Amino acid sequence: MTAFRTLDQADVKGKRVLVRVDLNVPMENGRVTDATRIERVLPTIREIADKGGKVILLAHFGRPKGRDPKESLKPVAEAVSTHLGKPVFFADDCIGEAAAQAVNGLKDGDVLLLENTRFHAGEEKNDKAFVAELAKLGDLYVNDAFSAAHRAHASTEGLARVLPSYAGRTMQAELEALTKGLEAPKRPVVAIVGGAKVSTKIDLLENLVKKVDALVIGGGMANTFVHAMGLGIGKSLAEKDLAATALRIIEQARESNCAIILPVDGVCAYEFKAGAQNHTYGIDAIPEDQMILDVGSQSVERVSAAINDAATLVWNGPLGAFEIPPFDQGTVAAARHAAQRTKEGKLVSVAGGGDTVAALNHAGVAESFTYVSTAGGAFLEWLEGKSLPGVEALKA
Ligand code: AMP
């Protein structure tokens with residue numbers, strides 16, 4: 001990832017600053033139920049406002065087909081205002097007269113949120129005319145929405161091409177963490193990849209084996225690998241039709257000198273149910289009528305040993321069915337070990353993508369990791385080695 005401009009290079013005083021943020025927050029009955037995303041964008045908003053810029057927030061919400069009051073950002077403006085501790089003005093449209101009037105009424109240091117960018121088809125089409133309409137409202141563009149950076153939309157990519165553009169503080173933190181994780185990591189690097197299926201993570205696995213020194217494969221997807229190697233996996237979740245893919249990934253790892261670490265034992269049960277009676281078996285002795293729901297303690301020891309050998313850890317996906325105890329134990333033990341090594345200053349740990357954040361929160365260690373990305377799709381595309389249009393457009 002080459003250099004990108006940050007707020008350190010931006011002279012925002014007296015300027016109209018269009019700031020792309022992620023405010024796609026979960027809502028129930030018009031109330032925000034989880035304010036994590038709001039919290040994450042506050043530093044950038046505060047910094048620009050404190051430096052005397054006029055903050056004009058751009059965001060999408062949901063997947064509306066045209067204007068839809070159910071997907072209005074208006075209630076979100078109120079929530080941002082509460083967390084920010086100052087008024088957040090709102091405009092009923094992100095372009096045109098309503099937006100222009102609201103922007104013209106701003107004083108230095110004021111904050112305005114424009115209505116859902118996806119009310120206009122031009123947003124997702126990255127339409128030039130729509131980009132130009134948005135660009136009229138600002139002097140500078142700041143992108144603080146890493147989680148939307150895998151999409152080349154008008155407000156995530158188009159604007160960066162027509163206005164002087166900068167990474168916001170949250171985007172900057174994410175990019176710096178990702179650089180430490182895979183682009184310029186301290187070696188050795190170990191990756192842990194778990195989760196349900198190989199099919200959703202083929203690109204990711206193929207990219208990682210080229211870049212890391214050791215790859216731990218856990219969770220349901222490990223069953224597909226174990227099956228491909230000719231061992232019985234009973235009734236475990238697996239994609240048997242992907243056996244050839246699994247073997248190809250193992251071969252690619254060998255060619256790249258990447259060690260593959262698969263489970264050597266599994267916690268098995270007759271049913272996928274919390275508290276189900278369970279027993280740990282060696283990976284070559286899985287009973288035909290049971291399913292593997294977690295990695296066993298010997299496997300956890302191997303994962304911990306791999307973490308001990310590593311200077312950098314990249315983690316995506318749980319090692320077992322962590323939502324149904326006691327099948328959370330492998331994930332929890334490995335996560336706590338990684339957190340401990342990080343606290344001791346021996347490990348840089350970067351994690352993210354879907355259930356990983358929930359799993360680390362469940363283990364009570366998300367705060368102790370070097371960086372936990374809540375970006376979902378964008379984080380996964382980065383793990384797949386794809387370039388992210390929103391990030392590319394910010395590069396100097
Ligand atoms: P993913 O979204 O691909 O990261 O997958 C996460 C899901 O994988 C979680 O809901 C886990 O319960 C599930 N999972 C992990 N290990 C297993 C397993 N051994 N058997 C069944 N499901 C699993």
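The values are calculated or read from the model by the stated rules, or taken from the named source; none is laboratory data. Predicted, not measured: the structure shown is a model, and the values here were computed from it. Using ideal geometry, Cβ is built from the backbone for each residue, glycine included, and neighbour counts are taken over all protein chains shown. Just the protein is used for accessible areas: all its heavy atoms, side chains included, with ligands, DNA and RNA removed. Shrake-Rupley method; radii C 1.70, N 1.55, O 1.52, S 1.80 Å.
Computing FRET efficiency as 1/(1 + (r/R0)^6) for E183 and E301, where r is the C-beta to C-beta distance and R0 is 25 Å, gives about 0.25.
Enter the mean projected area of the convex hull around the alpha-carbon atoms of region 185-384, in nm², rounded to one decimal. Numbers along the way, then the final one.
Numbers: hull surface 38.6 nm².
For the Cα atoms of region 185-384, the hull's average projected area reads 9.7 nm².
Less than 5 angstrom separates the built amide H of T280 from those of C268, all sequence-distant by 5 or more or on a different chain.
Determine by what factor the alpha-carbon radius of gyration of region 340-396 differs from 2.2 N^0.38 Å, reporting the quotient.
On the way: Rg = 13.4 Å, N = 57, 2.2 N^0.38 = 10.2 Å.
Dividing the Cα Rg of region 340-396 by 2.2 N^0.38 Å gives 1.31.
Sorting R37, R187, R161 by solvent-accessible area of protein heavy atoms yields R161, R187, R37, largest first, with a 1.4 Å probe. Considering only Cα atoms, the convex hull volume of region 303-374 works out to 68 Å³ per residue. Taking A160, A228, A334 in turn, the Gaussian network model of the chain (Cα-Cα springs below 10 Å) assigns the largest fluctuation to A228.
Counting only alpha carbon atoms, the long axis of helix 202-211 and the longest principal axis of the chain meet at about 80°.
Taking all pairs of different Cα atoms in region 7-171, averaging 1/r and flipping that mean, what Kirkwood radius in angstroms comes out? Walk me through the numbers before you get to the answer.
Details: mean 1/r = 0.0653 Å⁻¹.
Kirkwood hydrodynamic radius for region 7-171: 15.3 Å.
Report, in whole Å, the centroid distance computed from the Cα atoms of region 1-64 and region 352-396. Centre-to-centre distance over Cα atoms comes out at 18 Å. Here the chain was treated as a single set of alpha-carbon atoms; its pair distances binned every 20 Å from 0 give 27, 48, 23, 1 percent. Sorting M27, M171, M229 by solvent-accessible area of protein heavy atoms yields M229, M27, M171, largest first, with a 1.4 Å probe. Over the Cα atoms of region 286-343, the radius of gyration divided by the Kirkwood radius equals 1.02; this is the Rg/Rh ratio.
DSSP beta bridges in region 145-301, what fraction antiparallel, as a percent rounded to 5?
Values: 9 of 16 bridges.
Taking every DSSP beta bridge with both residues in region 145-301, the antiparallel ones total about 55 percent.
Dividing the radius of gyration of the alpha carbons in region 1-105 by their Kirkwood radius gives 0.97 for Rg/Rh.
Each label was represented as a point 7 Å from its Cα along the Cα-to-Cβ direction; for K107 and I202 these points are 6.0 nm apart. Annotated for region 17-106: lysine pairs at least 8 residues apart or interchain, Cα distance under 18 Å, count 4. Quick one: of the DSSP bridges fully inside the chain, what percent are antiparallel, nearest 5? Restricted to the chain, the bridges split so that about 25 percent are antiparallel.
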